[in-house]
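Q: The structure is given below, and queries will be raised subsequently.
Coordinate-derived values only; no laboratory data. The structure displayed is predicted, hence computed values, not measured ones. Because the Cβ atoms are built from the backbone with ideal geometry, glycine has one as well, and the counts that use them run over all protein chains shown.
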Amino acid sequence: MLIAYNKKKNNFFSKINGKFQIFFVIPFFTLYFSPCLCQAESELSSESELSIESSQVSEELILFQEIPSVYSASKYEQKVTEAPSSVSIITADEIKKHGYQNFAEILQSVRGFHVTYDRNYHYLGVRGFGLPGDYNTRILLLIDGHRINDAIYNQAPIGTDFPIDIDLIERIEIIRGPGSSLYGTNAFFAVINVITRLGRNFRGVETSAGAGSFETYKGRVSSGEKFQSGLEMVFSGSYYNSDGDDHLFFKEFDQPENNNGIASDLDNDRFKNIFAGLLYRNLSFQVNYHKREKDVPTAPYDTRFNKLFFTEDERGWADLKYERIIGDQINLMARFNYNFYHYNDDYFSTDYPGTVKTSDDVDSQWFQGEVQLTKTLLEAHKCTFGLDSRYSIQQDQRLFNHIQEGAIPSIRREILDDHRDSQYWAVYSQDEFTITDYLTLHAGIRFDYFETFGGIVNPRAALIYTPFEKTTFKFVYGRAFREPNTYELYYKDGTSQKANPDLDPETIDTYEIIYEQYLGKHLRGTIVGFYNSIDNLIVSRSDDTDDLNVFENVSKVRAKGLEFELEEKWESGLEGRASYTIQETENTTEGKDLVNSPEYLAKFNIIIPVIKRKLFLSGEEQYTSRRRTLNGKFAEDFFVTNMTLYSRNIFKTLEVSGGVFNLFNKEYEDPGGEEHAPQDTIEQDGRTFRIKITYAF
């Protein structure tokens with residue numbers, strides 16, 4: 001079972017105990033009064049400094065905007081206070097100064113998010129929901145508005161399988177709540193849109209090299225330019241390799257025949273990435289290729305311990321987009337893209353002799369197209385209309401054994417050979433109705449039609465009240481869905497799992513009250529209360545008739561919580577962000593708490609300018625409360641502290657950063673998924689070190 005396990009203990013809103021109050025109040029006190037400790041300097045860079053630091057111009061515009069703008073909440077530019085959702089924006093500047101190495105580390109710093117790692121993939125939990133091994137199917141991941149979730153698992157890759165280099169990110173827009181009224185399937189808990197750097201954000205050729213613990217190395221070469229004709233181009237290639245921890249101990253396998261529980265040299269992680277983008281006037285074109293290979297040390301799926309378990313994820317796309325304003329202020333956007341995703345694994349199962357290797361092989365290709373029109377009608381209505389369609393021309397799943405017999409090198413025995421194709425189409429509409437200067441109503445609806453289960457309608461409505469210029473209240477309701485993916489519908493192996501082509505989509509109804517308050521030019525406070533109601537949750541269960549696992553719509557989940565956040569950005573370079581989340585998530589079908597659902601999350605980030613615009617010290621403190629595991633036990637609570645020193649422009653265009661992560665070498669574990677039985681929890685890395693050098697020619 002993917003869901004478990006405990007009765008409610010006491011009243012939800014009485015659970016803020018003393019140590020959490022202290023953790024939350026101290027960072028807020030620091031953020032509010034830190035300007036007194038650091039001289040705030042309001043002057044901007046001179047023109048000569050700006051020419052040297054041209055790659056940071058857009059970051060500084062976002063930093064110094066009194067109220068920043070966001071695109072992804074409504075598919076057009078608007079202030080975050082006008083967006084019909086709770087929004088977070090992470091800039092490239094923050095990513096550099098905190099020394100983040102992968103996308104999962106960035107998301108771990110975000111209010112209400114928690115990340116689980118099973119030493120193969122990273123999984124994102126949102127507002128208390130983070131089932132181990134769910135492949136992030138309830139998060140929609142976009143890159144420049146282009147859907148990344150694949151056509152087999154609907155997975156949103158957030159670890160080293162994230163498909164572009166972190167250094168190519170300009171900013172990240174995180175839109176909480178249901179987004180299916182605009183984006184369709186997978187926009188269940190959140191929509192995350194990654195905006196990449198344009199040619200104008202580079203200073204010619206840029207090179208980067210990094211090294212860290214566990215023999216980790218990374219290199220990147222990028223080039224970007226904006227020409228007088230208006231043409232912009234970006235090209236980038238990168239490579240990453242990490243040996244990982246070559247001496248991992250798993251107590252569940254502590255027997256002599258299993259190398260006394262030690263997995264040797266089985267944590268290697270590597271990827272390569274190529275990215276190119278062109279922008280000319282209203283037309284943009286983007287291509288990307290990413291291949292990631294990972295050795296898995298945990299012996300999942302009842303495989304042989306301390307033996308090969310290898311996974312490979314390969315994905316890419318070519319995306320063409322046209323956008324312009326035509327006629328009477330009609331904004332037209334049209335895009336078309338080709339995508340592919342390939343997955344392969346190799347392992348030795350305990351079900352077969354040691355000479356038999358088992359492999360899964362997945363191949364998928366699909367085309368996606370979208371047309372959208374946005375126009376203001378009768379002065380008070382900003383209307384959006386769109387058509388969206390996807391045609392998956394290949395959705396193949398194969399499972400086979402390689403059987404060694406004497407001198408014959410290999411005999412392949414097919415277990416599963418399933419070939420599919422599918423399509424869906426959708427229409428959507430949204431209206432931003434300005435009722436008065438202080439009151440705005442957002443209302444949207446989308447209809448999707450899938451070959452597998454038919455049609456589904458998802459609405460969203462938000463009433464936004466702004467009694468004062470810097471005070472906003474939002475009252476939001478939305479419904480979202482997740483289609484059953486190809487793996488859940490059709491995968492079967494004959495010994496442990498069978499298919500279920502009759503699955504229905506999962507649905508969620510979300511209610512939110514959002515209060516946003518700007519304090520002067522630099523401080524922003526946010527309080528959010530939310531309630532989620534999930535129906536038809538798809539989980540894997542054992543069928544009593546044949547003892548085979550099968551995916552079924554069997555569970556209902558209810559979640560409620562409060563989120564608090566205070567953000568600070570001063571022109572001197574001082575930045576800070578502190579958040580605290582209280583949440584409770586229950587499987588009401590069984591009357592038990594959800595697995596891997598922390599009741600409390602606390603996060604504190606600060607960036608301190610040591611030398612103005614040149615040297616910065618960044619600190620990060622994260623607290624995650626204990627989480628229930630599949631076996632009804634607990635992964636204990638933990639604090640993690642990270643520190644990074646970052647410098648730029650001390651010597652021309654040289655950037656250097658060095659960081660220590662998990663500074664106090666805290667031992668902690670994440671809950672494991674069903675595939676990791678008998679391991680209930682999986683140990684995480686202790687203290688690690690990193691250094692990175694970037695130079696632009």
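Q: Assuming 0.36 nm per residue, please report the length gained on full extension of the stretch Thr471 to Asp509 beyond their Cα-Cα distance.
A: Extra length from Thr471 to Asp509 when fully extended: 11.0 nm.
Q: Quickly rank 627-634, 433-440 as a protection proxy: mean count of other C-beta atoms within 10 Å, highest first.
A: Averaged packing, sorted descending, gives the order 627-634, 433-440.
Q: Could you tell me the center-to-center distance, by alpha carbons, between segment 78-126 and segment 151-190 in angstrom?
A: 11
Q: Now, a different point. Given the DSSP H assignment, sum -39500 (n - 2.57) over each helix run of at least 4 residues in the chain and divide by its residue total; what's the result at 222 nm in deg cm²/dmol, nearest 500?
A: -2000 deg cm²/dmol
Q: Still on this structure: Can you compute 3J(HN,Hα) from phi for each residue in segment 354-359, using the Karplus curve 6.51 cos²θ - 1.76 cosθ + 1.60 with θ = phi - 60°, rounded to whole Hz and x for Gly and Pro?
A: For segment 354-359, the Karplus curve yields x, 8, 9, 9, 10, 9 Hz.
Q: Give the dimensionless ratio obtained when the Cα radius of gyration of segment 180-247 is divided by 2.2 N^0.38 Å.
A: It is 1.66.
Q: Right, next: Taking the Cα centre of the chain as the origin, how large is its charge dipole in debye, to the nearest 20, when only Lys and Arg (+1) and Asp and Glu (-1) carry charge on their Cβ atoms?
A: 1840
Q: In whole Hz and in residue order, list the ³J(HN,Hα) couplings for segment 287-299 that follow from phi through the Karplus curve 6.51 cos²θ - 1.76 cosθ + 1.60, θ = phi - 60°; x for Gly and Pro.
A: Each residue of segment 287-299 in turn: 10, 8, 9, 9, 10, 10, 10, 9, 8, 10, x, 8, 6 Hz.
Q: What's the extension gain from Arg324 to Ser264 if we count 0.36 nm per residue and subtract their Cα-Cα distance?
A: Net length gain for the segment: 16.0 nm.
Q: Here is a follow-up. Report the gain in length on full extension from Ser542 to Phe697: 0.36 nm times residue separation, minus Cα-Cα distance, nm rounded to one decimal.
A: Full extension from Ser542 to Phe697 adds 49.8 nm.
Q: Write down the radius of gyration of segment 74-230 and its Dmax, each obtained from C-alpha positions, in Å.
A: 16.4, 51
Q: Follow-up. Tilt of helix 18-37 relative to the longest C-alpha principal axis of the chain, in degrees (0 to 90, nearest 10)?
A: Here the helix axis deviates by roughly 40 degrees.
Q: Put a dot 7 Å past each Cα toward the Cβ at Thr434 and Leu231; how far apart are the dots in nm?
A: About 4.0 nm separates the two model spin labels.
Q: How big, on average over all directions, is the shadow cast by the Cα convex hull of the chain, in nm²?
A: The number I arrive at for the chain is 30.9 nm².
Q: Distance between the C-alpha centers of segment 237-274 and segment 590-658? Whole Å please.
A: One Cα centre to the other: 24 Å.
Q: Now for a different question. Which whole number in µm²/s is D for segment 472-521 by Stokes-Einstein, with the Kirkwood Rh taken over Cα pairs at 4 °C and 1.567 mPa s?
A: 89
Q: Projected onto the charge dipole of segment 445-599 (+1 at Lys/Arg Cβ, -1 at Asp/Glu Cβ, origin at the Cα centre), which of Phe450, Val528, Leu463 gives the Cα projection farthest towards the positive end?
A: Leu463
Q: Can you list residues whose amide H is under 5 Å from Phe634's amide H, if they're 5+ apart or on another chain and H is modeled 1.01 Å from N?
A: Thr629
Q: Along each of its three principal axes, how wide is the spread of alpha-carbon positions in segment 628-695, in whole angstrom units, largest first?
A: Cα extents, longest axis first: 56, 23, 14 Å.
Q: Highest mean first, how do 225-237, 269-281, 169-181 rank when packing is the count of other Cβ atoms within 10 Å averaged over residues?
A: Output ranking for 225-237, 269-281, 169-181: 169-181, 269-281, 225-237.
Q: Sorting check: for 441-451, 257-267, 543-553, which peptide has the highest mean count of neighbouring beta carbons within 10 Å, and how do the rest follow?
A: Going from most to least packed, we get 441-451, 257-267, 543-553.
Q: I've got another one for you. For segment 566-657, treating each Cα as an identical point scatterer without solvent, what Debye log10 I(q)/I(0) comes out at q = 0.11, 0.18, 0.23 1/Å?
A: Debye intensities relative to I(0), on a log10 scale: -0.50, -0.84, -1.09.
Q: Hey, can you grab everything whose amide H is under 5 Å from the amide H of Gly159? Only 5+ residues off in sequence or another chain; H modelled, so Pro and N-termini drop out.
A: For Gly159, the qualifying residues are His122.
Q: What area, in nm² and to one decimal, does the C-alpha convex hull of segment 479-599 cast on average over all directions?
A: With the hull built on Cα positions only, its mean projection is 10.6 nm².
Q: OK, next. Taking the convex hull of the Cα atoms, report for segment 302-374 its projected area averaged over all directions, in nm².
A: 7.0
Q: Enter the per residue convex hull volume of segment 258-343, computed from alpha-carbon coordinates, in Å³ rounded to the nearest integer.
A: Expressed per residue, the convex hull around the Cα atoms of segment 258-343 is 112 Å³.
Q: For the charge dipole of segment 144-286, defined by +1 on Lys and Arg C-beta atoms and -1 on Asp and Glu C-beta atoms about the Cα centroid, which residue among Tyr280, Ser223, Gly212 has the Cα displaced farthest towards the positive pole?
A: Looking along the dipole axis, the top candidate is Tyr280.
Q: So what's the gap between the Cα centers of segment 422-457 and segment 681-697, to the nearest angstrom?
A: 42
Q: Determine ³J(HN,Hα), in whole Hz, for all residues of segment 157-166 in sequence, where each value follows from phi through the Karplus function 6.51 cos²θ - 1.76 cosθ + 1.60 and θ = phi - 60°; x replaces Gly and Pro.
A: x, 10, x, 6, 8, 4, x, 10, 5, 4
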